1. Name every residue in the range 105-127 that is assigned to a strand (DSSP E or B), under 12 Å from the mean Cα position of the chain (by Cα) and within 22 Å of residue 65 (Cα to Cα), in order of residue number.
2. Among the residues of the range 18-40, how many are part of a loop (DSSP other than H, G, I, E, B) and in contact with a strand residue (DSSP E or B) (Cβ under 7 Å, 6 or more places away or on another chain)?
3. Residues of the range 7-17 being more than 18 Å from residue 86 (Cα to Cα) and either outside any loop (DSSP other than H, G, I, E, B) or touching a strand residue (DSSP E or B) at 6+ places or on another chain (Cβ under 7 Å) (or both), which ones?
4. Does residue 94 qualify as being in contact with a strand residue (DSSP E or B) (Cβ under 8 Å, 6 or more places away or on another chain), closer than 25 Å to residue 8 by Cα and at pLDDT 95 or above?
5. Considering each of 4, 63 in turn, give the residue that is surrounded by 14 or more Cβ atoms within 10 Å (Cβ to Cβ), farther than 17 Å from residue 119 by Cβ and either modelled with pLDDT of 95 or more or touching a strand residue (DSSP E or B) at 6+ places or on another chain (Cβ under 8 Å) (or both).
6. Identify the single condition in (1) at pLDDT 95 or above; (2) assigned to a loop (DSSP other than H, G, I, E, B); (3) under 22 Å from residue 150 (Cα atoms) that residue 43 does not satisfy, given that it satisfies every other one.
7. Restricting to the range 7-26, what's the tally of residues that are surrounded by fewer than 20 Cβ atoms within 10 Å (Cβ to Cβ), within 15 Å of residue 67 (Cβ to Cβ) and out of contact with any helix residue (DSSP H, G or I) (no Cβ under 8 Å at 6 or more places or on another chain)?
């Protein structure tokens, strides 16, 4: 909940990519319940896709520094157009330290295990840090699309 609080204090409008509904949850148990539902084909709600959520925890102080979500498929128009297979975020006070780059590198290994040979990642057109993270992990720019009136860059990564 400290992770959530830091995001909301930093910028209440910033997207908490990869965190699912954490912004709306009042407690950790509520958030973990949602993540568990999405990870199981038997309980994944209609209209959603099966996904795995991973937490990046710094060992030295047991601090949650990032969250990354891997969607197993892109079965609806918003995911296939401007969201992609993977969403992630890094705690505002822990940015620019390589956490996102390493989180993405590691989750790409899991993509291979799921049989995803190619994955879509998207970021706001002006999110230079996310674009660099994607490019550093082999992302190839495809095109710019639009989501809710904002330009979004689309990238593909071969796993």
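1. Answer for the range 105-127, where residues must be assigned to a strand (DSSP E or B), under 12 Å from the mean Cα position of the chain (by Cα) and within 22 Å of residue 65 (Cα to Cα): 121, 122, 123.
2. So the count comes out to 3.
3. Listed by number, the residues that qualify are 7, 8, 9, 10.
4. Criteria not met by residue 94.
5. Result: 63 is the single residue among 4, 63 that is surrounded by 14 or more Cβ atoms within 10 Å (Cβ to Cβ), farther than 17 Å from residue 119 by Cβ and either modelled with pLDDT of 95 or more or touching a strand residue (DSSP E or B) at 6+ places or on another chain (Cβ under 8 Å) (or both).
6. (3)
7. Of the residues in that region, 2 qualify.
Per-residue answers, yes or no, for (1) more than 15 Å from the chain's Cα centre (by Cα); (2) at pLDDT 95 or above; (3) under 25 Å from residue 33 (Cβ atoms); (4) loosely packed, with under 14 Cβ neighbours inside 10 Å:
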position	(1), (2), (3), (4)
77	yes, no, no, yes
103	no, yes, yes, no
138	yes, yes, no, no
143	yes, yes, no, yes
146	yes, no, no, yes
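The values are calculated or read from the model by the stated rules, or taken from the named source; none is laboratory data. Everything numeric here is computed off the predicted structure, so don't read it as measured data. Here the Cβ is made from the backbone with ideal geometry for all residues, glycine too, and neighbour counts use every protein chain on show.
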